[in-house]
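The values are calculated or read from the model by the stated rules, or taken from the named source; none is laboratory data. What you are looking at is a predicted structure, and each value in this text was computed from that prediction instead of being measured. Cβ placement follows ideal geometry from the backbone for every residue including glycine, while neighbour counts extend to all protein chains displayed. Side chains included, ligands, DNA and RNA excluded: accessible areas come from the protein's heavy atoms. Shrake-Rupley method; radii C 1.70, N 1.55, O 1.52, S 1.80 Å.
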Amino acid sequence: MSATMSPARASRTESSIGRAVRLGLLRIGYEVRAYFRQGDTVFFTFLFPVVMLTIFSVSFSEASFGQTADGDEITAAWFFLPAMLAAGVLLSGLQNLAIDIAMEKSDGTLKRLAGSPLPVVSYFIGKLGQSFMTGLMQAGVLLALGFTVFQVPLPEQAENWWVFAWVFTLGVLCSAILGIALSAVPRSGKSATAVVIPITLVLQFISGVYLRFSDLPEWLQNVAAVFPLKWMAQGMRSVFLPDELVVLEQNESWDLPGIALVLAIWLVAGLVITSLTFRWIRKDS
Amino acid sequence: MTTPENVVEVRELRKTYGDLTAVDGVSFDIHRGETFALLGPNGAGKSTTIEILEGYRSRSSGAVSVLGVDPQKGGLDWKARIGIVLQSSGESGNVTVAEQLRHFAALYPNPRDVDEVIAAVGLEAKAGSLIRKLSGGQRRRVDVAVGIVGAPELLFLDEPTTGFDPEARRSFWKLIRTLQSEGTSILLTTHYLDEAAQLGDRAGIIAGGRMVDLAPIDEIGGRESRVPLVRWLENGERREQRTDSPASVVTELVARIGGEPESLEVIRPSLEDVYLDLVGHEHASDLSAEALNETEAAR
């Protein structure tokens, strides 16, 4: 330790919104980099749907999940690809952020940031951006795996990809905001995974990710319909499954407006809860 | 002499948690460019006080001004002017030293040069290492680097050298002297009294939530507590005498005994002795008294 340290003068004049956005974008790069260096996150959040898609595609490779109008067999990989895409959205948003922020609360990261001139908005831009970017990469890996290894036919119409784009984006935002809200629940960073993973696991089982949604009793379908994952999975099925399979949905409809509505309601609810509960630090604890 | 400008002003600060009073009417100032050491045993209210000044905690009553701003209302502009080295850090550390510092530098309007800061804390060789792979002492140096990278006017150092080996502590002192020479005002808490004596201009000693002494470092405890002590063994019995002229006492002693006194010591009380004396008396804690005896016994 030695030498003099001269403050490098670089005066900037920018609006506070401009600064918050600029620092938010900087946070995204920082957060994404840190995400991929956290081994357990990479496995349980990023790779988990990929692993599950592989297992399901291989173990049910003899089973048929229906036929298209042209008489093509719908393979397990084809059937479960949209389900795993939806699961990925939930994990990248909700599971990732709920655990990540609960850890940051208890390990002092948030306290350090609270003492720095980082706008809280930039912090959230960083977290949402991290969920979006890692979720997008995860979807890319799932699609590439499904297409190349398991020969799942991907939709050719632009319309389908547009639905994918908005279901994905709205789904990630909704999951991420709910993840931030849920991060207030665990009492410590250590208990975060124990609190969060059962929630996401149960949701995945009742929302048609691991089990065929049409096989579930109606009452359980109705319970699942309260939560956003069922709607994300339905949206993904509408994109990737042949239209004939719409008969397996509730009310035999893909119900895109319903998907948008439920996700929007959860998004707003998450924003309200977050604004009421999120604190940089637990003051006077 | 004109009154120096104060970067920190604390008046009758109180903080209570239910029935517990953590800080009980503490008042002090920190002048611009000064290093002020806040000393006291664990649980005395040091950390509560410093966290109130940093804006992390609310206060129950009293007035606090940090850089002219009430910390409870300090905005981003205010935060850009202070630097904080928290007492503990357990962050996951999934970024490298250089990434962490570049990132934090970007949050401040006039940051220091990142490479210079890394060099200043002696982590050039570790700049590309993930923070979680560093040793405890090295992580602590990253904390210090993050605290100073924004070129703060006022730096809070809450037990900054815990876990440092003696060499790292010396280098840290050197770094702090550089900051001092650049005009940075510093609030330091530490358990190492030699550190406070090395770096501090003035010190406040806090015990049981109250300020028991507040003075320039070399006047803490008052004049009497700094009076040298002559100690020797005579007929198997320990004898001691406080005196301003130890040489004369020793001369008389040699003449009286007619030879070399056994186990002769002339002790000039250090800040640590004075501190333990103060905290021991005010706190009336057996532990502190024991510590005092141990220190004396060790001499």
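Filtering the stretch B:154-177 to residues that are open to solvent by 80 Å² or more (accessible area, probe 1.4 Å) and within 11 Å of chain A (Cβ to nearest Cβ) leaves B:Glu167, B:Arg170, B:Lys174, B:Arg177. Here A:Ala3 meets the list (1) modelled with pLDDT of 95 or more; (2) touching a Ser or Thr at 6+ places or on another chain (Cβ under 8 Å); (3) within 30 Å of B:Leu107 (Cβ to Cβ); (4) not hydroxyl-bearing (Ser, Thr, Tyr) almost entirely, failing just condition (1).
Pairing each residue of the stretch A:198-216 that is of a type in the set (Lys, Arg) with any residue that is open to solvent by less than 70 Å² (accessible area, probe 1.4 Å) and modelled with pLDDT of 90 or more, provided the two are 6+ apart or on different chains, yields C-beta distances under 8 Å for A:Arg212/A:Phe79. Evaluated against (1) at pLDDT below 90; (2) more than 13 Å from chain A (Cβ to nearest Cβ), B:Thr49 falls short on exactly one condition, (1). Of the residues screened, B:Val212 is not one that is touching a Pro at 6+ places or on another chain (Cβ under 6 Å) and of a type in the set (Val, Ile, Thr). Could you tell me whether the stretch B:112-131 includes any residue that is more than 9 Å from every other protein chain (Cβ to nearest Cβ), farther than 27 Å from A:Leu23 by Cβ and assigned to a loop (DSSP other than H, G, I, E, B)? Scanning the stretch B:112-131 turns up no residue that is more than 9 Å from every other protein chain (Cβ to nearest Cβ), farther than 27 Å from A:Leu23 by Cβ and assigned to a loop (DSSP other than H, G, I, E, B).
Kindly establish whether A:Val51 is open to solvent by 30 Å² or more (accessible area, probe 1.4 Å) and within 17 Å of A:Ile197 (Cα to Cα). Criteria met by A:Val51.
Listed by position, the strands (runs of 3 or more DSSP E) contained in the stretch B:1-111 that have at least 3 residues being farther than 30 Å from A:Tyr35 by Cα and not aromatic (Phe, Trp, Tyr) are B:6-17, B:20-31, B:35-39, B:61-66. Here B:Thr189 passes the criteria (1) touching a Lys or Arg at 6+ places or on another chain (Cβ under 6 Å); (2) closer than 24 Å to B:Ser92 by Cα except the one numbered (2).
Taking first residues from the stretch B:71-82 that are facing another protein chain (nearest Cβ under 8 Å) and partners that are β-branched (Val, Ile, Thr), the Cβ contacts under 8 Å between residues at least 6 apart in sequence or on separate chains come to B:Ile82/B:Val66. Based on this model, can you work out whether B:Lys133 counts as more than 18 Å from the chain's Cα centre (by Cα), open to solvent by 10 Å² or more (accessible area, probe 1.4 Å) and modelled with pLDDT of 90 or more? The answer is yes for B:Lys133. What are the residues in the stretch A:100-115 that are facing chain B (nearest Cβ under 7 Å) and crowded, with 22+ Cβ neighbours inside 10 Å, if any? Within the stretch A:100-115, A:Met103, A:Lys111, A:Arg112, A:Gly115 meet the criteria. Identify the residue in the stretch B:208-230 that is in a strand (DSSP E or B) and open to solvent by 10 Å² or more (accessible area, probe 1.4 Å) and, among all such residues, is farthest from B:Phe28 (Cα to Cα). The selected residue is B:Leu229. Picking from residues in the stretch A:244-285 that are under 19 Å from A:Leu154 (Cβ atoms) and without any contact (Cβ under 8 Å) to a residue 40 or more places away in the chain, the one that is surrounded by the most Cβ atoms within 10 Å (Cβ to Cβ) is A:Trp254. Could you identify the single residue in B:Gln138, B:Gln180, B:Gln198 that is more than 14 Å from chain A (Cβ to nearest Cβ) and part of a helix (DSSP H, G or I)? Only one candidate passes the filter, namely B:Gln198.
For every residue, the table says whether it meets (1) open to solvent by 50 Å² or more (accessible area, probe 1.4 Å); (2) under 21 Å from the mean Cα position of the chain (by Cα); (3) in the same structural domain as B:Arg112 (by TED's automatic domain parsing); (4) β-branched (Val, Ile, Thr).
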site: B:Thr21; (1), (2), (3), (4): yes, no, yes, yes
site: B:Asp24; (1), (2), (3), (4): no, yes, yes, no
site: B:Phe36; (1), (2), (3), (4): no, yes, yes, no
site: B:Tyr56; (1), (2), (3), (4): no, yes, yes, no
site: B:Val66; (1), (2), (3), (4): no, yes, yes, yes
site: B:Ile82; (1), (2), (3), (4): no, yes, yes, yes
site: B:Ser89; (1), (2), (3), (4): no, yes, yes, no
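Would you call A:Lys127 in a helix (DSSP H, G or I), open to solvent by 40 Å² or more (accessible area, probe 1.4 Å), out of contact with any strand residue (DSSP E or B) (no Cβ under 9 Å at 6 or more places or on another chain) and basic (Lys, Arg)? No; evaluated as a whole, the condition is false for this residue.
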